[in-house]
Amino acid sequence: MIEARIQLNRGSFSLDAKLSVPGRGVTALFGPSGSGKTTLLRAIAGLDRHADAYLKVGDTVWQDRGTFVPPHRRPLGYVFQEGSLFAHCSVIKNLEYGFKRIPHGSRRISLDRAVELFELSPLLDRRPTDLSGGEMRRVAIARALLTSPRLLLMDEPLSGLDLERKGTIMRILERLRDELDIPMLFVSHLPDEVAQLADHLIYIRNGTISAEGASEDIFSRLDLPLAHEPDAGVMIRTIAAARDEEYQLSRLEFDGGIFMVARDAGPIGRPVRIRIPARDVSLTLSRHSDTSILNVLPATVEEIVEGASAQVMVRLRVGGSLLLARITSKSAMALDLQPGKGVFAQVKSVALLDET
Amino acid sequence: MLAENDLSALGTTLRLAFVTTLILLLLGTPLAWWLARTRNRCKVVVDAVVSLPLVLPPTVIGFYLLLALGPRGPIGGLMERLGGQSLAFTFAGLVIGSVVYSLPFVVQPLQDAFTSVGRRPFEEAATLRAGPLDRFFTIAVPLARHGYLTAMVLGFAHTIGEFGVVLMIGGNIPGETHVLSIAIYDHVEALEYGRAHLLSGLLIVLSFLMLLPVYALNRRYRMGRVS
């Protein structure tokens, strides 16, 4: 568990953030560009020393009045944006740099394991200048991980990569989350990245923390500006339950029903996160059988909030899960929507976040 | 081929250049590091002071050094009170003069190299558990190595080439302060053009051979192919 409180004023930018990061799982520091995410991450790592800061990790105070643990004494891993590496060292020397400085007894991951996990064996003798962006990122994450950190900090680990490379890094990060049990805190401004990877969200805007909590909850909160972005939508955790070979459909079970998706969701039993954009959910009062939409779910209206340009955002409860639907004010009026009312949610598209 | 006193002048010159370069690297490294990293307002003043030897006539430096190192000067006087001798007209005095005179030629390449390394590699190293000294030797020095090479060669070559300062505080003592540039001057004065040619040619070749690798390596470095 990390508790941090950081205040600073730098000209037009001010930051006043109080946050707690769980000691397990993946936490995303999420918010628009310029909201102070990197500043916070750097303060946690001790790279910048702000006068008004308090930082406690587990039972140890890292920073307070008169106390400042320098960065090299903080058991953290840090992956800089763009994954920068030591230009004068080969890949293997980069990997060994931190690893060698960790006492044998504290090493929780071996060089060989990291090389295997990040698929680095063909790159070991290369220079950073001869690596692609995705390769640099992999080396940088592996190098940080080899210090066996108690928390892995990553600044936009996927920025500037094409979709394929993003996928590779994402798969590795998922394996880290699921196999190595290393708590991670990463900075991102993209909802999809965050929805795919994070269990816990810290939503930051204009230098203040405007919400924190489980990813599912934050994405479905109508009081946050997040739900009013054009690409607003919920994240739902599902399990791949069955495969219909005839129609090439996968069945995903979640707390509240099933989704059929025209994609391969991987082996049965695999956890799959999906994202459902609010603009792709429409509502009807009766169940239509004569529709091309595969996924129609009985739902209860929980909350309705006015949005921009004559639209409303509706939060729906489907079993133990939540959905968002963006519809026009006119439709909301016509359907006489109000909290507690039973409706059917027609889900036009489901995005699988964990591609196989 | 070289007369005995010319040979001894060559030896003295090389010894002077070697000792001066060594001292300059030891002094210049922390100074250049500080200049490259500090946000202190005094930086500009120190920058300007370090660069003074570039613009001043060497005789000005020599004149003040002579006063400071001589028996009535603060440094020479102190040396005498401590039971030694004043530093004017000694090898040690020559070393002090050369250090002052060649300071910018060592500090500026180092400062440029440290500046171009930037802060990021040090932050990376810190998050990989390297303490400040560890970071300096494993990150700053290797990343600034082209700066060290330039500093070393320029410091060495510039010390070999100095004349004015030596003239003022050297005193032309064979084996002690009689260096090449003075020897050439003496030969010309005595109309011994053959010997002047020999020494001058030697200096040209020597200096060229030292500068060549620096520019070759800097070119490779700028092309991003340093290894």
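The values are calculated or read from the model by the stated rules, or taken from the named source; none is laboratory data. All values derive from a computational prediction rather than experimental measurement. Cβ coordinates were reconstructed from backbone atoms using ideal geometry, including for glycine residues, and neighbour counts include every protein chain displayed.
Give, as residue ranges, the strands (runs of 3 or more DSSP E) completely inside segment A:1-54 that count at least 3 residues that are touching a residue at least 60 places away in the same chain (Cβ under 8 Å).
By residue number, A:13-21, A:26-30.
Would you confirm whether any residue within segment A:35-48 is buried (at least 22 other Cβ atoms within 10 Å of the Cβ), of a type in the set (Gly, Ala, Ser) and farther than 25 Å from A:Pro191 by Cα?
Checked against the condition, which is being buried (at least 22 other Cβ atoms within 10 Å of the Cβ), of a type in the set (Gly, Ala, Ser) and farther than 25 Å from A:Pro191 by Cα, segment A:35-48 yields at least one hit.
Which one of the conditions (1) facing chain B (nearest Cβ under 9 Å); (2) crowded, with 20+ Cβ neighbours inside 10 Å; (3) part of a helix (DSSP H, G or I) does A:His88 fail to meet, given that it meets all the rest?
Here A:His88 clears every test but (3).
Please indicate, with yes or no, whether at least one residue in segment A:126-143 is more than 28 Å from the chain's Cα centre (by Cα) and either under 14 Å from B:Glu124 (Cβ atoms) or assigned to a helix (DSSP H, G or I) (or both).
yes
Name the helices (runs of 4 or more DSSP H) wholly inside segment B:124-227 in which the number of residues that are within 14 Å of another protein chain (Cβ to nearest Cβ), under 23 Å from B:Leu31 (Cβ atoms) and in contact with a helix residue (DSSP H, G or I) (Cβ under 8 Å, 6 or more places away or on another chain) is 1 or more. So that I can check it myself, show each step before the final result.
Numbers: elements: B:132-135, B:145-160, B:164-169, B:180-189, B:193-222.
Qualifying helices (runs of 4 or more DSSP H): B:132-135, B:145-160, B:193-222.
Applying the selection to segment B:166-179, what residues are of a type outside the set (S, T, N, Q) and more than 11 Å from B:Leu16 (Cβ to Cβ)?
The answer is B:Leu167, B:Met168, B:Ile169, B:Gly171, B:Ile173, B:Pro174, B:Gly175.
Could you tell me whether segment B:119-129 includes any residue that is polar (S, T, N, Q) and surrounded by fewer than 22 Cβ atoms within 10 Å (Cβ to Cβ)?
Checked against the condition, which is being polar (S, T, N, Q) and surrounded by fewer than 22 Cβ atoms within 10 Å (Cβ to Cβ), segment B:119-129 yields no hits at all.
Would you check which residues across segment B:64-92 are in contact (Cβ under 8 Å) with a residue 12 or more places away in the chain and either in contact with a His (Cβ under 7 Å, 6 or more places away or on another chain) or outside any loop (DSSP other than H, G, I, E, B) (or both) and list them?
Within segment B:64-92, B:Leu65, B:Leu66, B:Leu69, B:Ile75, B:Gly76, B:Phe91 qualify.
Right, A:Ala265: in contact with a Ser or Thr (Cβ under 6 Å, 6 or more places away or on another chain) and at pLDDT below 90 or not?
Working: in contact with a Ser or Thr (Cβ under 6 Å, 6 or more places away or on another chain): yes; at pLDDT below 90: yes.
Considered against the rule, which asks whether it is in contact with a Ser or Thr (Cβ under 6 Å, 6 or more places away or on another chain) and at pLDDT below 90, A:Ala265 comes out as yes.
In segment A:73-85, which residue that is surrounded by fewer than 22 Cβ atoms within 10 Å (Cβ to Cβ) and within 22 Å of B:Ser116 (Cα to Cα) is nearest to the other protein chains (Cβ to nearest Cβ)?
A:Ser84
Just need a number here: residues in segment A:55-72 that are more than 8 Å from every other protein chain (Cβ to nearest Cβ) and either part of a loop (DSSP other than H, G, I, E, B) or not β-branched (Val, Ile, Thr) (or both).
Of the residues in segment A:55-72, 11 are more than 8 Å from every other protein chain (Cβ to nearest Cβ) and either part of a loop (DSSP other than H, G, I, E, B) or not β-branched (Val, Ile, Thr) (or both).
Conditions (1) among the β-branched types (Val, Ile, Thr); (2) over 24 Å from B:Thr150 (Cβ atoms), marked per residue:
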position	(1), (2)
B:Leu7	no, yes
B:Val19	yes, no
B:Val45	yes, yes
B:Gln85	no, yes
B:Ala88	no, yes
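Here's the yes/no breakdown for (1) farther than 20 Å from A:Leu297 by Cα; (2) in contact with a helix residue (DSSP H, G or I) (Cβ under 9 Å, 6 or more places away or on another chain):
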position: A:Asp244; (1), (2): no, no
position: A:Gln248; (1), (2): yes, no
position: A:Glu253; (1), (2): no, no
position: A:Val261; (1), (2): no, no
position: A:Ile268; (1), (2): yes, no
position: A:Arg273; (1), (2): no, yes
position: A:Ile276; (1), (2): no, no
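Let me confirm something: among A:Ile92, A:Ile6, which residue is modelled with pLDDT under 90 and not polar (S, T, N, Q)? Give the steps one after another, and end with the answer.
Numbers: A:Ile92 fails: modelled with pLDDT under 90.
Only one candidate passes the filter, namely A:Ile6.
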